[in-house]
């Protein structure tokens, strides 16, 4: 199994040639950089809201709630991207963490950080 996994790392990974894998890694790293910048900007914006006017405070609070929601979503996506980059390093990217089958290229095109195949994702959704 380890030899097979190593061979896949050299030539294929999740049905992808190494060039495709490098492109996926680059895509994930770019998205990580975008999210990191966005999260910094959200923190800066949240820190800047300190109006003395009550009407402005109410508006700022509503804005803060939206920004906080964006921050939570961004942090979740960032964690998923970091996990995907770790799977690339470990030679496990493109394989479902639940069943071990390959994740389709189409699914990875849409969700490059997904750890599970379409079937396992559907099963997980049914149990929620």
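General remarks:
- Close pairs (6 angstrom Cβ cut-off, 6 or more residues apart or separate chains): over 22 Å from residue 36 (Cβ atoms) and assigned by TED's automatic domain parsing to the domain that holds residue 44 in the stretch 59-73, at pLDDT below 75 and not in a helix (DSSP H, G or I) anywhere: 60/49; 60/51
- Filter pass, residue 51 being at pLDDT below 95, surrounded by 13 or more Cβ atoms within 10 Å (Cβ to Cβ) and outside any helix (DSSP H, G or I): yes
- Applying the condition of being surrounded by 19 or more Cβ atoms within 10 Å (Cβ to Cβ) and in contact with a helix residue (DSSP H, G or I) (Cβ under 7 Å, 6 or more places away or on another chain) to the stretch 89-101 and asking which residue is nearest to residue 25 (Cα to Cα) yields 93.
- Some residue of the stretch 8-24 being touching a strand residue (DSSP E or B) at 6+ places or on another chain (Cβ under 8 Å), surrounded by 11 or more Cβ atoms within 10 Å (Cβ to Cβ) and at pLDDT 75 or above: yes
- Of all residues making up the stretch 87-101, the number that are more than 16 Å from the chain's Cα centre (by Cα) and part of a strand (DSSP E or B): 0
- If only residues of the stretch 102-128 that are in a loop (DSSP other than H, G, I, E, B) and loosely packed, with under 14 Cβ neighbours inside 10 Å are counted, the one that is modelled with the lowest pLDDT is 128.
The values are calculated or read from the model by the stated rules, or taken from the named source; none is laboratory data. On a predicted model such as this, the values are computed, not experimentally measured, just so you know. Neighbour counts run over all protein chains shown; Cβ positions are idealised from the backbone, glycine included.
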